[in-house]
Amino acid sequence: MRLCKMAIPRLIACFVVYTSLGLIPSSLGVILRTMDKIVWANEFEPIELTCLIESISTNNPRIEWKKIKNGVPSYVYFQNRIAGDLDQRAQLREPANILIFNATRSDTAEYRCEVAAIEDQRDFDEILISLAVRVKPVVPRCSVPEAVTVGTSTELRCLENEGFPAPLYRWFHNNEELAQDPKNTPKPVNTSYSINPDTGGLKFRIVKKEDAGEYYCQAKNDAGYAQCPSQMMEVYDVDILGIFLKSFGGVVVFFGLAGTICHSLKRGCFSKKGHNENYNWPAQNEGVEYGNADEGHFRHKSSFII
C-alpha cells in the first residue's frame, strides 16, 4: 500500500512532463499517418492520397486538405466539400483520404492533410504528401537527312517536350533497334555511330553504304512511349567523274564569257571614240550645222535678224 502511494505522484509527474513535451499517449490526442509520402500517378488515371487517423477522441473532427504549389497554399477540401483545383474531380473517403478521379499534370504539387480535434488533449495534427503526375510522351519531331555521301558525317535528331519525367530516346534502323553501344551488337554494323539517350541525337562520324535505310525515333518514360514516322536516308558513293565534269563545264563557261568580252572590246563596242568620229562639230563663227553637208540637208549659215 505504501508503495502504491509513492507510485501515484511519480505517474502524475511523468504525465505532466509528457504533456509539456507534446508526447501525449495516442488515446489522448489526434495522430495521423499516410501510406506513402511520395506518390506517383499516371495522367488521366485515378489516384488516392491517404490520410489515416490512428487515434482520436473527438467525434466530428475538422478535416481540411490544402494544395501547395510554388509555395502558395490553396484549399482543395474545405468546410466538408471538395474545392479549388479538385472541384468535381475528387471525393473525400473515410477516414480522411482524397481520391482524385483523373489526375492531370497540373495536379503535381504537395498536399497537406490537416485534422483538428477540439476534444482531444493534442487537438491538431497534419501530414504532407508529395504528388507527381507522369505524362506520356507525344509523337516526337524527327529530322533525318534525305541523302548523304559515303565517308562524310551526319546527325539525326529527335525531340519531344511534353513527357514527364523527361523521356529517354531510342533509334531504330529498318525496324531494328540500334544498340546504345554499337560494339555490343551481335550484327555487323557501322560502329562509328553514337546515340545520346537524353537529347535524342544519333551521330555518324563516317557514313557507310550499309547505313542507308529507314530510321525512326522512340521517346519513352514510365507513363508510356511515342514514336515518329519512319524516314528514308539514302547513301551515295563519291561521284568523282561527276565532280570533274561539273568543274570542267564551269571552266569552259568562264573562258567562253571572257572570250566574248575581249572580242567585243576589240571591235570597239565599248569605246567612246566610235560614237563621236562621225559627228562634225560646228565652228564658233559659223551657224549650227546638222549632219554632213550633203545635198538636201538643211544648213543654217547665218543668224536671222528681225
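List of remarks:
- Remark: accessible surface ordering of GLU43, GLU126 (largest first) is GLU126, GLU43, probe radius 1.4 Å.
- For the range 29-155, the Kirkwood hydrodynamic radius from C-alpha pairs, put into Stokes-Einstein at 4 °C and a viscosity of 1.567 mPa s, yields a diffusion coefficient of 77 µm² per second.
- For ARG62, the solvent-accessible surface with a 1.4 Å probe is about 130 Å², rounded to the nearest 10.
- Given a 1.4 Å probe and the protein chains as shown, PHE101 ends up with an accessible area of around 90 Å².
- Charge dipole (debye, nearest 20) of the range 88-140; +1 at Cβ of Lys and Arg, -1 at Cβ of Asp and Glu: 640
- Sum of side-chain charges, GLY213 neighbourhood, beta-carbon under 12 Å (Lys, Arg +1; Asp, Glu -1): -3
- Scalar couplings 3J(HN,Hα) for the range 125-141, obtained by applying the Karplus form with A = 6.51, B = -1.76, C = 1.60 to θ = phi - 60°, are 8, 8, 9, 10, 10, 9, 10, 10, 9, 6, 10, 5, x, 8, 4, x, 8 Hz; x denotes Gly and Pro.
- Taking ARG205, ARG33 and ordering them by how much accessible surface each has at a 1.4 Å probe, largest first, produces ARG205, ARG33.
- LEU257 - accessible surface, heavy atoms, 1.4 Å probe, Å² rounded to 10: 110
- Reach of LYS136 by Cα under 19 Å, taken over aspartates and glutamates that are not fewer than 8 positions away in the same chain: GLU43, GLU45, ASP107, GLU160, GLU162, ASP198, ASP222
- Close amide H pairs (under 5 Å, H built 1.01 Å from N) link THR185 with no residue at least 5 positions away or on another chain.
- Within a straight-line Cα-Cα reach of under 16 Å, LYS203 can be paired with the following aspartates and glutamates, leaving aside sequence neighbours fewer than 8 residues apart in one chain: GLU146, GLU155, GLU177, ASP181, ASP211, GLU214, GLU234.
The values are calculated or read from the model by the stated rules, or taken from the named source; none is laboratory data. These figures come from a predicted structure and were not determined experimentally. Because the Cβ atoms are built from the backbone with ideal geometry, glycine has one as well, and the counts that use them run over all protein chains shown. Calculation scope for accessible area: heavy atoms of the full protein, side chains included, ligands and nucleic acids excluded. Shrake-Rupley method; radii C 1.70, N 1.55, O 1.52, S 1.80 Å.
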